[in-house]
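Take a look at the structure set out below.
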Amino acid sequence: MHHVVVHAHCYQPPREDPWLEIVEAEPSASPDHDWNVRIDRECYARLAGAEVRQALNAGAMPDPEARTGIAGLINLYAWCSFDVGATLCEWMDLTAPATMRAMIEGDRASVRRWGHGNAIAAPYHHVILPLASPRDRRTEVRWGIADFTRRFGRLPEGIWLPECAADEETLDLLAAEGIRFTILAPYQVQTDGETHGLPVLWRGAAGRSLTILPYDGALAGEVAFGGLLRDAEALQWRLAPGLDDGQTRCTTLATDGETFGHHHRGGDQTLAQAMVRLAQRRNAGLTNAATVVATQPATLEARLVSPSSWSCAHGVQRWRENCGCRLDQYKAPAQQWRGPLRSALSALAAECHQIFEHEGRELFADDPWTVRDGYGTVVSADGTALADFVRNALRPHVDDRSLPQARALLELERAVLRCFTSCAWFFDEVDRIETRQVLRYAARALELSGHGSRLAPELIHWLEPSRAAVPDSVTAADVLVRSATPHRPPSWSVAAGAIALVAGGHPCDRVAAYDVAVAPHQSAEWPWQVRLEHRRTGAIEHFWGSVVGEGPSLRISLIPADDGALGPQLLAIHDLPEPVSTQLLQPFALHDRALTG
């Protein structure tokens, strides 16, 4: 029998504004609002209902534009092994729930079909685990397992490692946490015999073991970078060549989920049609990674190439130095910024971890790091779920007045972990949106630490060497100051938006990551008052405000009710959170003022 496994690695980095928890417009994703929306439309949603088409006439149809009809719809999540990053799941919960539901339903269907689910877990954030500290590595894995269990209703059998980056310590951790297998590139494992694509066994120095399913590296290259996704017939024979030598084999295709539809338009249809053809063959069969591991016990032991990954020829150097790996091979390697960026963020993380541990020991009943690990059970939630978790973690003598501080400490750790999202180092320039995003999380960490006035100058100093080897090139410090750090507290924009909505007759009890309460205020100068409560930290702020104009000419004057020394601020319609601006401007889309303001 020739077993065929197709694994889709579905992942997008966290794109949310760290203060508002909403994804802002990304012009480079045009015509869509942002890259999450675009890739879901082009890929993830299509995988949930891939079309199988047939010609509408009986003859041969060489014309690629000839008319075809839909002969079937296939939820490929029911037939493909897959992992889905938790940060992508967070976004889908609110913006693409149908896609998330299709993934869960596809996994359940695979459990009914094969006894083992298609979905496997992943560390919560897409960090390079061999470069993480043992403590952070453990938290990432535990958060990923907890999030997977909550979403899919079962414990994961396998886990996907970001960039397939692995070392001995990482595999030992997976085994210690109850993970049965992972999927790696063939050049990451060494054996003393031919694997025929079947699982192999890794044994660690501590006595724990883990099964590794090696994927077909040449096939992955043909699918991702060649033309194989243009021909369903060629793809099915490449997945299962039909050798008749009595040898049990397994072909595993592992690639980014975005390959099927985003990188290669129509790739979802080609894959679906290839699977239809495979299902009609007797000597080959579709299955998933967990089923292969369960039914084909490893007979060969493997040695891990440690550290190694699927996307860097130099191990894991791409995420910490100028190793020469880059997207544009026609340009000279100029990624000297990578090392200083990691060093700077590591120094910030060390400071924040020290603050978390010191203050956490005064607040939490258990060891703060144990509390951080447990936070993974609720970290994708907000509001009541977070408050209840933290309240239950407090020492008996600590009252609820310390609850916001405790919540801010755990959010500090969440922000710090997000600073190491691998995408920030993967690409060629330091001023791309991926690097800017991790620096936004660094700015958020500075604020949540309560020591921002001390740490901010130090962070800027640490980031200064992070630049390309080009005269007058942009530094990571420039990115932090110019575009990653808010020039006005985001809560001001939320307060102004809430007042503008209520003053305009729109009910409003939530804006972005804040619960809001707006009421009239007995003041001629400040006729409105608003109370904000951040749904993740529980921080509360009060403002007074007034509104003049409407539509494009709207202006909101705002002043903190708790600290009038800060003075009033004047905010325009474009200063408000995007969903608020859209709601307020929509009635004026046909009005003359849409052009004249």
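Over region 95-244, with the other protein chains present, what is the accessible area per residue in square angstrom, probe 1.4 angstrom?
Accessible area per residue, region 95-244: 38 Å².
Mind giving me the nanometre distance, one decimal, between the label points for Ser473 and Arg135, set 7 Å out from Cα along Cα→Cβ?
3.4
Can you work out ³J(HN,Hα) from phi for every residue in region 251-258, in order, using Karplus 6.51 cos²θ - 1.76 cosθ + 1.60 and θ = phi - 60°, giving whole Hz and x for Gly and Pro?
10, 10, 9, 10, 7, 4, x, 5
Return the long-range amide H neighbours of Gly261 (sequence gap of 5 or more, or a different chain), with a cut-off of under 5 Å between placed amide H atoms.
Gly266, Gly267, Asp268
Using the beta-carbon distance between Arg53 and Arg265 and R0 = 22 Å, what value does 1/(1 + (r/R0)^6) give for FRET efficiency, to the nearest 0.05?
0.95
Taking R0 as 56 Å, what's the FRET efficiency between Gln329 and His542 from their Cβ-Cβ distance, rounded to 0.05?
0.50
Run the quick spin-label model on Asn283 and His358: label points 7 Å from Cα toward the beta carbon, then report their separation in nm to one decimal.
According to this spin-label approximation, the distance is 6.9 nm.
Using 7 Å Cα-to-Cβ label points, what is the Ala347/Thr582 separation (nm, one decimal)?
4.1
Specify whether the C-alpha gyration tensor of region 280-385 places it in the rounded, prolate or oblate class, a ≥ b ≥ c being the square roots of the eigenvalues: rounded for a/c under 1.5, otherwise prolate if a/b is larger than b/c and oblate if not.
Because a/c hits 1.5 or more and a/b fails to exceed b/c, region 280-385 counts as oblate.
Express the carbon and sulfur contribution to the solvent-accessible surface of the chain as a percent, rounded to the nearest whole number, probe 1.4 angstrom.
The C+S portion of the solvent-accessible surface of the chain is 52 percent.
Taking the chain on its own, what percent of its Cα-Cα pair distances exceed 42 Å?
For the chain, the fraction of Cα-Cα distances above 42 Å is 29 percent.
For region 99-109, take each phi angle, set θ = phi - 60°, evaluate the Karplus expression 6.51 cos²θ - 1.76 cosθ + 1.60, and give the result in whole Hz per residue in order, putting x for glycine and proline.
5, 4, 5, 5, 5, 5, 5, x, 5, 4, 5
Based on the mean of other Cβ atoms within 10 Å per residue, sort peptides 146-156, 263-273 so the most packed one is first.
263-273, 146-156
Over the chain, what is the percentage of antiparallel beta bridges among all DSSP beta bridges, to the nearest 5?
60
Considering only region 6-117, what is the antiparallel percent among its DSSP beta bridges, to the nearest 5?
Details: 7 of 11 bridges.
Here the share of antiparallel DSSP bridges comes out near 65 percent.
The values are calculated or read from the model by the stated rules, or taken from the named source; none is laboratory data. Here the structure is a predicted model, which means the values were calculated and not measured. Neighbour counts are summed over all protein chains in view; Cβ atoms, including those assigned to glycine, are modelled from backbone coordinates with ideal geometry. These accessible areas exclude ligands, DNA and RNA; they are computed on the full protein's heavy atoms, side chains included. Shrake-Rupley method; radii C 1.70, N 1.55, O 1.52, S 1.80 Å.
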